[in-house]
Amino acid sequence: MIRELFLESRAATRALGRRLGSALRPGDFVALIGDLGAGKTLFVKAVAEGAGAEAASSPSFALVNRYGGPVPLQHLDLYRISNPTELFSLGFDDLLEEPAATLCEWADRARGALPADRLEVAFEHAGPRSRKVRLHATGARAEKLLAAATSV
């Protein structure tokens, strides 16, 4: 299932993230794709808020940040990964076994290693503050997340 949305503002991006966050549960995987400054980290912060987690920050230098809350979250940033084989030396497969929902920025750098059932959220600049967002559910659980995130 695929949905495309036009988000006119940062507030609209945050609202989408909060709706998704409220539907997350351990084991969910959200793959975030988009250029620098496209809104991925803003979206993650809103997802964490919607999930009732601690305030999120970018894990660019640490690879992964973990946030406590009713649904534990792990926030991965693969920007510095240049080769998918690096993922396994960093324990990527172990991270997928954690009892947490996973939000993965720059997920396109791990394309072959991603879970089969995931929600892909691709951000594209559509103006100074607006974004085109493409949500693609690749499995049954991801379809439920997509429906929850896009219901208004």
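The values are calculated or read from the model by the stated rules, or taken from the named source; none is laboratory data. Here the structure is a predicted model, which means the values were calculated and not measured. For neighbour counting, all protein chains shown are included, and Cβ atoms are generated from backbone atoms with ideal geometry for every residue, glycine included.
Data for the structure
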{"item": "Odd one out for Thr138, checked against (1) at negative phi; (2) at pLDDT below 90", "result": "(2)"}
{"item": "Any chance Pro70 is without any contact (Cβ under 8 Å) to a residue 24 or more places away in the chain, under 25 Å from Thr150 (Cβ atoms) and of a type outside the set (Asp, Glu)", "result": "yes"}
{"item": "Flag for Phe123 being at pLDDT 90 or above, out of contact with any Pro (no Cβ under 7 Å at 6 or more places or on another chain) and farther than 15 Å from Phe29 by Cβ", "result": "yes"}
{"item": "Ala12 being of a type outside the set (Val, Ile, Thr) and either touching a residue at least 40 places away in the same chain (Cβ under 8 Å) or surrounded by 15 or more Cβ atoms within 10 Å (Cβ to Cβ) (or both)", "result": "yes"}
{"item": "Qualifying residues in the range 1-57 (those that are in a loop (DSSP other than H, G, I, E, B), aliphatic (A, V, I, L, M) and closer than 18 Å to Thr138 by Cβ) - the one modelled with the lowest pLDDT", "result": "Met1"}
{"item": "Output for the range 58-91, where each listed residue is modelled with pLDDT under 85 and under 23 Å from Ala12 (Cα atoms)", "result": "Ser58"}
